[in-house]
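The block underneath contains the structure these notes are about, expressed in structure tokens.
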Amino acid sequence: MTGRQAWCRVFTAAVILGAPAFAAAQLPSGFHTPGATVKADAAKVCGADFAASAKPVSSWQRNEALTRYGRRPEDFAGELDHLVPVSLGGSNDPDNLWAMPANGEYGPDAKHTLEATLREMVCAEKKLTLKQAQDAMKKDWVKAYNQYVQGQNAAK
């Protein structure tokens, strides 16, 4: 085997083995960000002013969340995201915050679309319970996006 063939095999293996890691990079660490919610039921969460009444993330919450991921808070300029969105009862606890990558197919726009879809399914359509929607976000929001957003688009 020539050096070029060996390099091509190693490169191909790295790409194949690295693809799941790239997809996982769009997800928060379950250890650092398990997700946290406020004590609220569906009736309260579905109220018109629920999300608007939420307090902003404090500096200590932001700094703690970023430090968990090895980020220097003073250097971070990206989006700090709520794993369980405030509109679905997510809290500002550092257990629910993570530094979301701004690029890729599963970036902030996709997550915001999923949040709106799940809120609609909980509040208007009554197809999901609040806990089911929160658990879908906590477990794997990318999988939930593929199921609830991409799946609905395919059904139309």
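The values are calculated or read from the model by the stated rules, or taken from the named source; none is laboratory data. Everything quoted here is computed from the prediction, not taken from an experiment. Heads up, the Cβs are rebuilt from the backbone with ideal geometry, glycines too, and the neighbour counts pull from every protein chain shown.
Out of the residues in segment 67-79 that are in contact (Cβ under 8 Å) with a residue 24 or more places away in the chain and not charged (D, E, K, R), state the one that is surrounded by the most Cβ atoms within 10 Å (Cβ to Cβ).
The selected residue is Tyr69.
Quick test of your reading of the structure: Trp141 fulfils all but one of (1) modelled with pLDDT under 95; (2) touching a Lys or Arg at 6+ places or on another chain (Cβ under 7 Å); (3) closer than 15 Å to Leu27 by Cα. Name the failing condition by number.
Condition (1) is where Trp141 drops out.
I need the full set of residues from segment 114-151 which are surrounded by 14 or more Cβ atoms within 10 Å (Cβ to Cβ) and part of a loop (DSSP other than H, G, I, E, B), in order please.
Leu128
Quick check: anything in segment 53-66 among the small types (Gly, Ala, Ser) and either in contact with a Lys or Arg (Cβ under 7 Å, 6 or more places away or on another chain) or buried (at least 21 other Cβ atoms within 10 Å of the Cβ) (or both)?
Yes.
Against the conditions (1) free of Cβ contacts under 8 Å to residues at least 24 places away in the same chain; (2) closer than 17 Å to Leu130 by Cβ; (3) surrounded by fewer than 19 Cβ atoms within 10 Å (Cβ to Cβ), where does His82 fall short? Just the number, please.
It fails just one condition, (3).
Which of the residues spanning segment 85-114 are in contact with a Phe, Trp or Tyr (Cβ under 9 Å, 6 or more places away or on another chain) and closer than 19 Å to Asp49 by Cβ?
Matches in segment 85-114: Val86, Ser87, Gly89.
Can you tell me which residues in segment 89-113 are in a loop (DSSP other than H, G, I, E, B), crowded, with 18+ Cβ neighbours inside 10 Å and of a type in the set (Gly, Ala, Ser)?
Matches in segment 89-113: Gly89, Ser91.
When you look at Ala40, is it at pLDDT below 85 and either farther than 29 Å from Lys126 by Cβ or small (Gly, Ala, Ser) (or both), yes or no?
Taking the combined requirement at face value, the residue does not satisfy it.
Search segment 43-88 for residues being charged (D, E, K, R) and part of a loop (DSSP other than H, G, I, E, B), and hand back the single one that is modelled with the lowest pLDDT.
Among those residues, the one meeting the criterion is Asp49.
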